[in-house]
1. Might you let me know whether the stretch C:134-144 holds any residue that is within 14 Å of chain A (Cβ to nearest Cβ), at pLDDT 95 or above and on the phi > 0 side of the Ramachandran plot?
2. Can you pull out the residues in the stretch B:162-207 that are β-branched (Val, Ile, Thr), part of a strand (DSSP E or B) and either free of Cβ contacts under 8 Å to residues at least 40 places away in the same chain or touching a Ser or Thr at 6+ places or on another chain (Cβ under 9 Å) (or both)?
3. Looking at residue B:318, is it of a type in the set (Lys, Arg), more than 13 Å from every other protein chain (Cβ to nearest Cβ) and buried (at least 24 other Cβ atoms within 10 Å of the Cβ)?
4. Kindly list the number of the only condition in (1) within 14 Å of chain C (Cβ to nearest Cβ); (2) within 27 Å of residue B:209 (Cα to Cα) that fails for residue B:68.
5. Can you work out which of the residues in the stretch B:26-66 that are over 23 Å from residue B:291 (Cβ atoms) and among the polar types (S, T, N, Q) is surrounded by the most Cβ atoms within 10 Å (Cβ to Cβ)?
6. Taking the options B:226, B:201, name whichever one is among the β-branched types (Val, Ile, Thr) and within 14 Å of another protein chain (Cβ to nearest Cβ).
7. Which residues, taken from the stretch A:10-35, are farther than 18 Å from residue A:58 by Cβ, surrounded by fewer than 24 Cβ atoms within 10 Å (Cβ to Cβ) and more than 9 Å from chain C (Cβ to nearest Cβ)?
8. Among the residues of the stretch A:10-19, what is the count of those that are touching a residue at least 60 places away in the same chain (Cβ under 8 Å) and either touching a Cys at 6+ places or on another chain (Cβ under 6 Å) or closer than 23 Å to residue C:33 by Cα (or both)?
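The values are calculated or read from the model by the stated rules, or taken from the named source; none is laboratory data. The model shown is predicted, which means the values in this text are computed figures rather than measured ones. All Cβ positions, even for glycine, are placed from backbone atoms using ideal geometry, and neighbour counts span all protein chains on display.
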Amino acid sequence: MKPAPFRFSRPEAAEEAVDVLRQHGWEAKVVAGGQSLVPLLNMRLTTPSVLVDINRVRDLDRITTTGGWLEFGALVRQRRLEDDPRVVAGCPLLAEAARWIGHPATRNRGTVVGSIVHADPAAELPLLLVTLGGELVARGPGGMRTIPAEELYLTMLTTSLAPDELAVAVRFPLMAPGTLYAFEEFAHRHGDFALVAVAVVLRPGADGRLAEARIGIGGAAEVPYRAREAEGALLASDAVDKAIDEAARLAAEQAQPPDDVHASREYRRHLVRVLTRRALYKALAGVSQDV
Amino acid sequence: MTVETPVRPAYRWIGQKVPRLEDRRLLHGKGRFLEDLEPVPRAWHAAIVRSPHAHARIRSIDVTRAAGMPGVLGVLTGEDVVRMADPFPLTVKIPIRYYPLAVDRVRFVGEPVAVVVAENRYVAEDAAHAVSVEYEPLTPVVDIEAAMAADAPLLHGELGSNIANSRRFDYGDYDAARRRAHRVVRGRFRFPKVSSTPIETYQVLAAYDSQQDEYTVWSNFHGPFTLHPVMAKALRVPLNRLRLLTPPDIGGSYGIKAGVYTYIVLMALAARKFGVPVRWSEDRLEHLMASSSGTDSLIEAEAAVDADGRILGLYLRRMDNVGAYLRPPEPACLFRTHGNTTGPYDIANLRLETVAVMTNKAPTGLNRGYGGPQLCFALERLVDRVARELGLDPADVRRRNLIQPHEMPYRTVSGGLYDSGDYPAALERTLELVGYEQWRWRQRDLRDRGKYVGIGLGLAIEPSGSNMGYVTVAEPAGQRAGRLPKSGCTEPATVAIDPGGGITVRLTSLPQGQGHETAAAQIVAEELGCDPADVTVVTQMDTFTRPWTVSSGSYSSRFAPLTASAVLLAARGLKERLRRLAAHFLDVPAERLIFEDGVFVDKADPGRRISLRRVAGAVHWNPTSLPPGEEPRLEETVFFSMDEAAPPDEADRVDSSVTYGFVSEAVVVEVDVETGAVRILDYVSVHDAGRVLNPLLANGQIYGGALHGLGAALLEELRYGPDGQLLTGTFVDYPCPTAAEAPDIRIEHLESPSPLTPLGAKGLGEGSTMAVPAAIANAVADALAPLGVEVDCLPLTPHRVWDLIHAAAGGDGPAGRPAAGDGGNERRGGDAW
Amino acid sequence: MTGVELQSLPDRMEIAVRVNGRTVRRVVEPRLLLGDFLRQEAGVSGTHFGCEHGVCGACTVLVDGVAVRSCLMFAVQADGCDVRTVEGLEGDPVMQALQERFREYHALQCGYCTPGMLISAYELLLRGEARDERSVREGLSGNLCRCTGYSGIVKAVLAAARSGQAVAPPNGERGG
C-alpha cells in the first residue's frame, strides 16, 4: 500500500504555491498536515502528479485575533485548539470539540484548515465552521477572497475552492460573553468520524428569551448544515422543554443522512433528534462555562 | 483490579509473577520480526493483483505493460501455478481445486490473481496496477442459507452444491429426551465473521534452490505443522525439500497467521519462477480482505428441559460459513469443540448436526477460540432463554445443570474427558464478586427511573491442547476406517547445558507474544536451580534443524498442557543424568544427593558437593571421566504427548482436547435505549485453568482474549454486501476496540490442577473470547427484557441494539419519548430560558 | 509570474534527516513514506507499520519533538527535521520510567505495536495529560494493541506518570 509516484513542490511563500496550482490545477494537491490526504494517496484512491507541500510557508503558522474573528493560518495544527489561550477564551466551543478530532498524533500534524477544506460531512471542524458562521480565506491567481461557511461546502468532500486557489486561513467569529454552547457526538469508537455530531450555540437575551440560537448538524447530510427551522422553534417559544423537543424533531426532519456501511438513514436521522436534544440541554446546563 | 489467589508454597519460580524476558528487547525497539531481518541478501519484492469481484470467470490477463516497467522482474499468473504446483490437499475428500492463486475463476474479493515481482514494494505496486485482467462476472452468494438453497449459484461446479461437509451425530437419545421434556426451548443464533487482526500482517520471504529442487521460506507462520505436508504436496516436493523458518519475534496472531501458508506456497512459486528470493509484506487492506478470519455461523438450537430447567437433551445444528474454499484445516472450526459441545452442563442426550458451507467470502481458519465463541454464544443464550421461558433466574438454571465436582473426571456424551474443576464454586464466586443479588435489586430500581441495566452470565469450557484426531470426525467412521488414524498432541522441547553450565531451551511452540520464553525459563529455573533471567530460550523454528512434529506450533492454547510439560520433563531428565554423574564424581549413591541452588550435596555429608556447572564442564571437556555406559550428552529432548488424545471411536466420540479449563464471567451493562449504546459497568472473570504458571502472563492472556470477545460482541464484523463486496476493508471500517472502549476486568483464578499434566497446568487465553460475547448478549437481553427484546445476533452495535428495540416495539420504540435522567447530562429546562 | 513546468519539479530529492541524533542523507523519491525511510534507509527498524492509513498508530515517532504517524508523512517532509524513535530515547528518564512500568505491568505481549505505543505514552506524560485512567485511555486511543486488552498499558502509564513527577516538568511543559 504505497502511493503512486508524484512530483514534489515545497514553496516558501503562498504566491509560489498558487503559482504551482495555477499551472497544474486538478493534477495538483496541496498537503499541509496530510492526515486525510496521505491515506488516500497510500491507497491510490487519488493519484495527483504534483504534491504542493506548504509546510515551509511559515507565515501561515499563525493564530490571530482581529476584528471579532479568531483566525487560523493554514499551518496551524489541530492540537493547538485544545490549549491555546486565545481559542479557550475567544471560541471555547472549538476547544471543547477539539478532543473529538481524531487522536493526539493526528491532531499534532493535521491542520485546522486542512480538515475544513477536506469537507468530510462527519468531521468536527467543518460542522463548527458552519455552526459558528466562519469563513475561509483563499488566495488565487487574482488575489484573496473570503468564502462564507455556507457557500464553502458543495457536497461530500467537495468545496467551492477553485483548483488554483490555496486556502490560507480560516476565521471563526469570537463568541460573545455569556454565550451558551455544547457539542455532542456519537461515534462507535473514540476518535472515529461521527455518525452524527451536533453543535449548539445559544445567546440569551436581556429579556429572558433567547437572542440567538444556532444548531449545526454533522454527518446527517452531504454537508454540515444549520438546522434553521429548529433554531426558529427555539426562538419562538418560552416553554423550554417543549421548544427543545420541537427543535430536535425539526432538526431530524431537515436531515438528509447518508445510508452506508456505518449506519442507516433512519438511525442517523434518529440520532440527530436525540443528540440535538441532549446538546441543547447540555448547553443550558453549562452556565458555568460562561465566557 | 485483579484479585489474586493465594499462591501455593513449594515453588520458587513456577506460579510467580516473573516479568517477561522478551520485554528486554521489545521495549527498546530491538525485536526481531521478519521485516527487521535480512536472512538472505538482495530479495525482490512482491505485490499481488487481487480480484475486485466476488465471483467471476477470468477471461484474460495481460501482463505486458507491467512486466516491461523499469525495475520489474516479471509477473506470476495462474498458468505458472498450474504448471509448477498441485492444488492443496483438503481435510475432507471433495472435488474442489484450491490453488494459492486463482486459475480460471475468482471466488472472493481479494483472491490473488497475479504476483508482480520488482525491486521494491513501491515499484511492485505500480506494476500491479498495470496488470490488466478481464473478468466475466458471475452471480455471487454470501449468505449461509442462500448458499445452501437448491438453486444457489455454485462456487465449485464439480461438487454439485455449496456444502463442503455435513455430518450428524447422535449421542444418547435426543428424541426420547424431547418426548419427556416439559418444554422445548429454541433459538436461532448468528455469530459474525470476525478476525483478531494482529498488528503485524503476514510476512513471507521465499527462496528456491533449483539444483536440489528445494524451497526455503521464512515467514511468520506459527503452525500447526499439519499444514507443512499440505504446502509440500502443493509444491510437489517431499517435506525435507521445504524448509520453513521463523524469526524470533512474531507480531501477534491469535490463530490468524496459520493462514499465511497459502502465501508461503505462492511466494515459493514466485521465487522459483524468477530464480530470486522474493519478499512479500502483506498490507492492511490485503489482510482485511484476504488473510483469514473466523467463520460466521448460524446455529439452530433446542433444549429439551424439565419444569425445573434441567436440560434433558440438547440439539444443535451448526452451520459455518467457511468462505470460498474449504481451506485446511477447515472444517475443523466445527469440530474443535466436539468433546465439549455440551459445555459445563451435565447433558446426557445430544444431537449435533454440522454443515460447512462455501460462499463468496474470504476463506476462514483459526481465530482465537476457534469455534468456541460460536458454540458458547448459542449455548449460553439458549440457557438464558430457558430461564426466561420458565420464569427462573438464569443463575439458578445454570446451578441446576452444572457438572458437580464429585463427578470429575467427567466424560461428556460426545467423548470429552473433563479432567478437573469445580464449576459450581466458580459460578458462585463470580456471582459474589459481581454482586449479583445486589444488581438484581438495583436493576429493578433503575428500571423504575427509566434506566436499562442488565446482568449477563457467560460460562465456557475452555479446551486446550487439541487432539490431532478431532478433525477426522468430519468424515464418518466408515470412511475413516480405511485410513491411517490420527491422534496425539505431541510437542517437543529441548533443554541443553553448555560447557560453561549455561542453559538453553529450544521450543517449537512458536509464540507470538504469549511469553513462552519466560514461562519455559521459569520451569527450567525451578528444576535446575538457576534464575530464569539466565536461561536462554530459543523459539525460532527451522524444520531442517529443530526437533519438531506434525503437531508442533501455536494453536489450541497448548503451551501450558503440552510444551510446558515437555520442558519440565526434559529439564527433569537432564537433572537425573546430572545427578547420576554427580554421584559418580562424588562417589556417593545418587539417592543421597539433594539439589539446591545449582549444587548437588550429599545429605549425609554436606561437605561433599559438586556444582551443576562443574558436572557440565566434565561432560563437555573430559568425557572419559564419565562412568562406563554414560553418554557424554547434556541435552535432553522430550516429545510429550498424551494417551487421552485418542482417535475418534466408532460412535464418533472423541476427546478433542487433553485438558479442559473453565471460565465463568458476569458482565453488567447499561443500555442507552435512545441511541442503542451499550456501556459496560462491570466485568468479572473467574478462571480455572489448573495450575497457573505465571499470573502476569495468565492475566495478560485473559485481558487480551476478553477484548477480542468484546470486539465481536459489540463492534467488529467483516461485513459483505449482497454483491460480495467487502464493506469493512480498512481499519476505519473494521473497528477494533481502542483503549477508550476497553473495560477493566476483575479477574480471579481458582486452581483445580489437572491430574493429567505433570504441572497440573491447562491452557488459557481463549476462554474469555468464548464467554464474553455470550455474557454481553445475555446482559443486553436482560437489560431490555421489559421491552421484549431478544438478542440472537452479534455484534451489538448501537445501531443493531436500536433496531432490536425498534422492532420489539413494533416500529415505535421508547426512542420516541425522552427518557428521564437521560445520559446524566440533561436537566429539564423548566419553563423559561 | 511564470508557470511551473512538471519536469522542473523534482522526482527525486536529496534530503538530510536527523534520526536519533545521527544525520542521514539520502536521495529519495518524494513518495517514500517516512516510516519506510526510517526502516530501510536509516536502518532504524524498531518502529513498524501496522496499517499504512493512519489508524493503528504502530508507526508513531517524534518529529521535532511531536508524536506523528510515520505512515502519513513523506520522508521529504522530514528534510531538516529531528526524528526520534524509541531507540533514540535510551536513557531518557521519562522513557525509561515507561519501559520499566511496561515490563512490570505486562503492558506488551507481541511487542510489535509497542514502540509506537511508547512514543504516544511518552508525549502524553510530557504534556502532563496522563491525569487519570480516562485521560490515559483517550490519550492512547490512537494506538491499537490486539494483545493486551490495554489493561497493563493503562496501568503502566499511570504508574509512570506517578513515579515520573520528579522528572517530568510540571504542567506538561517540555524542558530543553
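1. Within the stretch C:134-144, the first condition is being within 14 Å of chain A (Cβ to nearest Cβ), and the residues that meet it are C:134-144.
Then keep just the ones that are at pLDDT 95 or above; that gives C:134-144.
Adding the requirement that they be on the phi > 0 side of the Ramachandran plot leaves none.
Checked the stretch C:134-144: no residue is within 14 Å of chain A (Cβ to nearest Cβ), at pLDDT 95 or above and on the phi > 0 side of the Ramachandran plot.
2. Applying the first criterion (β-branched (Val, Ile, Thr)) to the stretch B:162-207 yields B:163, B:184-185, B:194, B:197, B:199, B:201, B:204.
After this cut, where a residue has to be part of a strand (DSSP E or B) as well, the list is B:163, B:184-185, B:204.
Matches in the stretch B:162-207: B:204 only.
3. On the way: of a type in the set (Lys, Arg): yes; more than 13 Å from every other protein chain (Cβ to nearest Cβ): yes; buried (at least 24 other Cβ atoms within 10 Å of the Cβ): yes.
Yes; evaluated as a whole, the condition is true for this residue.
4. (1) is the only condition that residue B:68 fails.
5. B:64
6. Values: B:226 fails: within 14 Å of another protein chain (Cβ to nearest Cβ).
One residue alone meets the criteria, B:201.
7. A:25, A:26, A:29
8. Qualifying residue count, the stretch A:10-19: 1.
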